[in-house]
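To start, the structure under review is shown below, and the notes come after it.
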Amino acid sequence: MFESAEIGHSISKRTYAREVPKLREALLDAQYDLFQDGRFPVMILFAGVDGAGKGETVNLLNEWMDPRHIRVAAFGDPSDEERERPPMWRYWREFPAKGRIGIFAGHWYTDPILDRVRRKTKQPQLIQSLEEIVRFETMLADEGVLLLKFWLHLSKEKQKKRLKALEKDPKTRWRVTKTDWRHFRLYDRFRKVSELALRQTGSASAPWMVVEGEDFRYRNLTVGGTLLAAMRERLDQKPAKPAADRIPPIPPPADNRHILGALDLTLKLDRKRYTDLLALYQGRLNLLSRNRRFRGRSAILAFEGNDAAGKGGAIRRVAAALDARYYRIIPVAAPTEEERAQPYLWRFWRHVPRLGRFALFDRSWYGRVLVERVEKLIPPPDWRRAYREIVEFERMLVDDGIRVVKIFLHISPEEQLRRFEERMKTPYKRWKLTPDDLRNRARWDEYAVATDAMFAKTSSRHAPWNLVASDYKWWARIRGLETIVKGLSDGVDLKLPPCDPKLAKAIGKMVKKAKKGGRALKP
């Protein structure tokens, strides 16, 4: 695969001096057209052999184009904050917005390749990681991202020559590290693993471009020319029309029965039972959140449901059991301009919590297959592929040790109308009722069909849906708390921890001394 990048490609000084000004002008024009167009972002990945010129090429593109519209992200060893989140979290944070260019020096290929070369993982694990990368890059392509992947290559002999030349020059000596030479000694292993990675992940929407890196003139013109051609081709394409007319609609069930219709909405509790169970489950949730084992994990709680189904009240009962320093409530509304400029899941990835913390979503990423689908805010292809993307997103969270609990609160149309009327009559609740609530109610049956599809396609083994009858709020709150405690307590002992023997002994001495002196102990 790398043979074509080992034949000694080169460009003369005269040719380079003639072509560079024209290429720079064309790249700048394309960059400004991209910014004005604003339909898609450009992401450029640089990978390859140490010493092949990745850093120089990144700097060159910053020099040739307007750096105000370029975002360069360089990734080394993860920070403490990054280690406490899924591996992909730090890459999602650096995505360029639509109309801009992002350059990644270090990326999602680095760790799978390095781990396999260093034999920390086996071949099946590498293949699995590469398959996940392909799904991720397919999602980016579906979101309209123009993804360009450059592999800068050197043969083993030329890499050795290049590293020695850099080491010999006092101006560039700092660029060669012990790690570079350590990787050089593993060159053959790197080549074998990298070849496999490139073959497995080179797709029609995100192909690899292998570029010989020995001659900087050839490398610069090749990378710059490829970037220009890709940007121009995409910019010259007319916006595709929605494919809704070509996709057959999904009919409702022939008998008009839905999953939510099977819920027993008559379930309720009396006040005493509610008060006792509330104290019980809030106490258990508090113990769980402070448990030493749970400190090595985190939790995401997603609340969905009908308007006025009691999501806010349920979330407040959960939050009351937690330390305010370790949870955050994320209310999800219509996306902002910043969020619309990014792939759909970006605004949810940014809220993934650190270890030992909770993220409580008041509505969630399921808006794409509910509100956006029913209100026709997006074309059908977008919400249809969202099922797969959501399941993959949740699987990545769970695989990293995050507990994901999804709760859907359901009420009857009659109870919803009663709560709407109550909100209108109660001054401090009027803000909760909006025109959107009334419009959504008029589409009750359409939301029932969309909800059925959501449960069927996204209730997985690692993140199942939990349906809660909510006509009686006390029942719904207790059932929600019970579901959360059950979902989070697997492998965590909820018994009160034993008192520290040294602490108990010290307190005993203090009590004995106080009694001997006749002093009353302050609480």
Identify, from the list L45, L34, the residue that is buried (at least 16 other Cβ atoms within 10 Å of the Cβ), in a helix (DSSP H, G or I) and over 18 Å from the mean Cα position of the chain (by Cα). L34
Has segment 160-177 got at least one residue that is within 34 Å of the chain's Cα centre (by Cα) and either outside the structural domain of I133 (by TED's automatic domain parsing) or free of Cβ contacts under 8 Å to residues at least 40 places away in the same chain (or both)? yes
In segment 341-366, anything surrounded by fewer than 20 Cβ atoms within 10 Å (Cβ to Cβ) and part of a helix (DSSP H, G or I) is listed as W346, R347
Any residue that is in a helix (DSSP H, G or I) and under 24 Å from A97 (Cβ atoms) - is there at least one of those in segment 324-332? no
Given (1) in contact with a helix residue (DSSP H, G or I) (Cβ under 7 Å, 6 or more places away or on another chain); (2) within 30 Å of R83 (Cβ to Cβ); (3) not small (G, A, S), W383 misses just (2)
Inside segment 84-120, can you point out the residues that are farther than 25 Å from G401 by Cα and of a type in the set (F, W, Y)? F104
Assuming V72 fulfils every condition listed in (1) closer than 13 Å to V223 by Cβ; (2) assigned to a strand (DSSP E or B) apart from one, which condition is it? (1)
Boolean, D29 is under 19 Å from the mean Cα position of the chain (by Cα), free of Cβ contacts under 8 Å to residues at least 60 places away in the same chain and over 19 Å from L140 (Cβ atoms): no
Scanning segment 432-461 residue by residue, those part of a loop (DSSP other than H, G, I, E, B) and at pLDDT 90 or above turn out to be R443, S459, S460, R461
Tally of residues being of a type outside the set (A, V, I, L, M), farther than 30 Å from Y187 by Cα and surrounded by fewer than 20 Cβ atoms within 10 Å (Cβ to Cβ) across segment 1-31: 11
Can you report the number of residues in segment 55-77 which are surrounded by fewer than 13 Cβ atoms within 10 Å (Cβ to Cβ) and in contact (Cβ under 8 Å) with a residue 60 or more places away in the chain? 0
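Every residue, every condition in (1) surrounded by 14 or more Cβ atoms within 10 Å (Cβ to Cβ); (2) touching a helix residue (DSSP H, G or I) at 6+ places or on another chain (Cβ under 9 Å); (3) modelled with pLDDT under 85; (4) among the charged types (D, E, K, R), yes or no:
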| residue | (1), (2), (3), (4) |
| --- | --- |
| D236 | no, no, no, yes |
| D245 | no, no, yes, yes |
| P249 | no, yes, yes, no |
| N256 | no, yes, yes, no |
| L265 | yes, yes, no, no |
| K272 | no, no, no, yes |
Just to be sure, is A105 of a type in the set (A, V, I, L, M) and either in contact with a Leu (Cβ under 6 Å, 6 or more places away or on another chain) or more than 19 Å from A47 (Cβ to Cβ) (or both)? no
Residue check: is L417 surrounded by fewer than 16 Cβ atoms within 10 Å (Cβ to Cβ), at pLDDT 90 or above and not charged (D, E, K, R)? yes
Considering only segment 109-146, state which residues are surrounded by 19 or more Cβ atoms within 10 Å (Cβ to Cβ) and either in contact with an Asp or Glu (Cβ under 7 Å, 6 or more places away or on another chain) or outside any helix (DSSP H, G or I) (or both). Y109, M139, E143, V145, L146
Subset tally (residues that are part of a helix (DSSP H, G or I) and basic (K, R)) for segment 275-292: 2
Against the condition out of contact with any strand residue (DSSP E or B) (no Cβ under 9 Å at 6 or more places or on another chain) and within 25 Å of A97 (Cβ to Cβ), how does W349 come out, does it pass? yes
Do you know which residues across segment 78-92 are in contact (Cβ under 8 Å) with a residue 60 or more places away in the chain and either loosely packed, with under 14 Cβ neighbours inside 10 Å or within 15 Å of P112 (Cα to Cα) (or both)? E81, P86, P87, M88
Within the bounds of segment 381-390, is there any residue that is crowded, with 16+ Cβ neighbours inside 10 Å, more than 25 Å from S298 (Cβ to Cβ) and aromatic (F, W, Y)? yes
Those residues of segment 372-385 which are of a type outside the set (D, E), part of a helix (DSSP H, G or I) and free of Cβ contacts under 8 Å to residues at least 24 places away in the same chain, in sequence order: W383
May I ask you to verify whether V211 is more than 30 Å from R234 (Cα to Cα), among the hydrophobic types (A, V, I, L, M, F, W, C) and in contact with a Lys or Arg (Cβ under 8 Å, 6 or more places away or on another chain)? no
Restricting to segment 393-404, give me the number of residues that are surrounded by fewer than 16 Cβ atoms within 10 Å (Cβ to Cβ) and either without any contact (Cβ under 8 Å) to a residue 24 or more places away in the chain or assigned to a helix (DSSP H, G or I) (or both). 1
On the basis of being outside any helix (DSSP H, G or I), under 18 Å from V404 (Cα atoms), touching a Ser or Thr at 6+ places or on another chain (Cβ under 8 Å) and of a type in the set (G, A, S), does A309 make the cut? no
Return the pairs, sorted by first residue and then second, in which the second residue is of a type in the set (S, T, Y) and outside any strand (DSSP E or B), the first residue lies in segment 294-315 and is in the same structural domain as L397 (by TED's automatic domain parsing), the beta carbons are less than 7 Å apart, and the residues are 6+ apart or on different chains. A302/S364; E304/S364; E304/Y366; G305/S470; A309/S470; G310/S470
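The values are calculated or read from the model by the stated rules, or taken from the named source; none is laboratory data. Bear in mind that the values here come from a model prediction, so they are computed numbers and not experimental data. Cβ: placed from backbone, ideal geometry, glycine included. Neighbour counts: every protein chain shown.
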